[in-house]
Each structure stands twice: as structure tokens, then as C-alpha cells.
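Peer 1: Here it is, the structure in full.
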Amino acid sequence: MVRFLRPQASLYPRWQYSAKYGKVLYKNTKMVHYMPGKWKFIYSINSYGYRGPLIPISNKYIKNNIVILGDSYAFGTGVNDGEEFSAIMQNRLRDKYDVINLSCGGYGLTQEIRRYYEFGQLYFPKFVILQFCSNDLDDNLMNCVTNVENARFVFTNTTNIASHINKYLSYSLI
């Protein structure tokens, strides 16, 4: 009855637990984000676990690459596939560049830095776009997975207790 009288936005599946990041996107899946009777968005996640067309990792690229890192804004929450800014960039720059969107909703700067060094740099990007928002400070505290020690980045696993609870709830309807 509550769902009928006061519907809530739903996102399924949400994220998968990751000790390295706190959460990651499920690979090879379609996330459905909807508000019953109002709107519905589909987010396609490829086999590498990011949104957008799969650009295979290679030793040589025909075009230059642009890697995008960020949170829900860069991920494209609230727009269908092909409408996120990375897809628009890809359409406009397709002759010279491939755009790889490695963003994930809820990521903070510490997760984005780690994502770049562990995965993004494999694309040998010509440009890296780092999108951040004021809530990233909170996200950094929730899942601080990158620290600076002796002027170098050091990666650690998340110690956020909520992330461990998410491990058990990550593919449930709750």
C-alpha cells in the first residue's frame, strides 16, 4: 500500500560489493532505474564493468582515448544509454577519439584515483576527465581506498562497515 500511495525510486541491480572500491557495477548487465508511473532509465554495463560500448584493452589503439572518471554525474544517472555526456562526446569526437566512461555512482576521489591506476591507464589515454562533486568529500570518508604515503598513492581495502553489509544485500531487491 505504501508503494502505491508514495512510490519510491528504484535501481536494480544496484552495485556489487568490492573490497577494493566499496562497490562496483555488475558486469554484463542492464540496470533499471525507475519511479513507478513517472520515469524509467536503462543503464547498460559492459563486460569490463563500466557504462558504454566496450573498448578492448590493447597494446596499440587506432584512435586516441579519453578516460572519464567520476560519480553519478559522469556515470549518467537519470539519462538513458546514449544520452550521458560521455556518449555525446563519443558521437562528436568519434573520428579521432574513443571515450571510456569508468564512472560509478557514489564514488569519491579516492575510488576514482584507484580506478584510474588499476584500470584506466591501460587505455593510455590522451586525456583524462575527472568529474567531482561536493559530496565526494563524504564519499572519500566512506570508502577511503587510496592514501598518500611518501608522495605515492597507496591502495587499501575499504574498512567501511556499511560496505560489508552491502556485500550481502548487493543483488537483493531490498
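Peer 1: Scan the strands (runs of 3 or more DSSP E) fully inside segment 1-69 and keep the ones with 2 or more residues being loosely packed, with under 15 Cβ neighbours inside 10 Å.
Peer 2: Details: elements: 10-12, 16-18, 22-24, 29-35, 39-45, 64-69.
The strands (runs of 3 or more DSSP E) meeting that bar are 10-12, 29-35, 39-45.
Peer 1: Here's another thing I want to ask about it. For segment 116-143, give me each residue that is closer than 21 Å to SER72 by Cβ and modelled with pLDDT of 85 or more.
Peer 2: Matches in segment 116-143: TYR116, GLU118, PHE119, GLY120, VAL128, ILE129, LEU130, GLN131, PHE132, CYS133.
Peer 1: Additional query: Take the residues in segment 107-122 that are in contact with a strand residue (DSSP E or B) (Cβ under 7 Å, 6 or more places away or on another chain) and polar (S, T, N, Q); name whichever of them is nearest to GLN16 (Cα to Cα).
Peer 2: Only one residue tops the list, namely GLN111.
The values are calculated or read from the model by the stated rules, or taken from the named source; none is laboratory data. Not measured: the values here are computed from a predicted model. With ideal geometry, Cβ positions are generated from the backbone for all residues, glycine too; neighbour counts draw on all protein chains shown.
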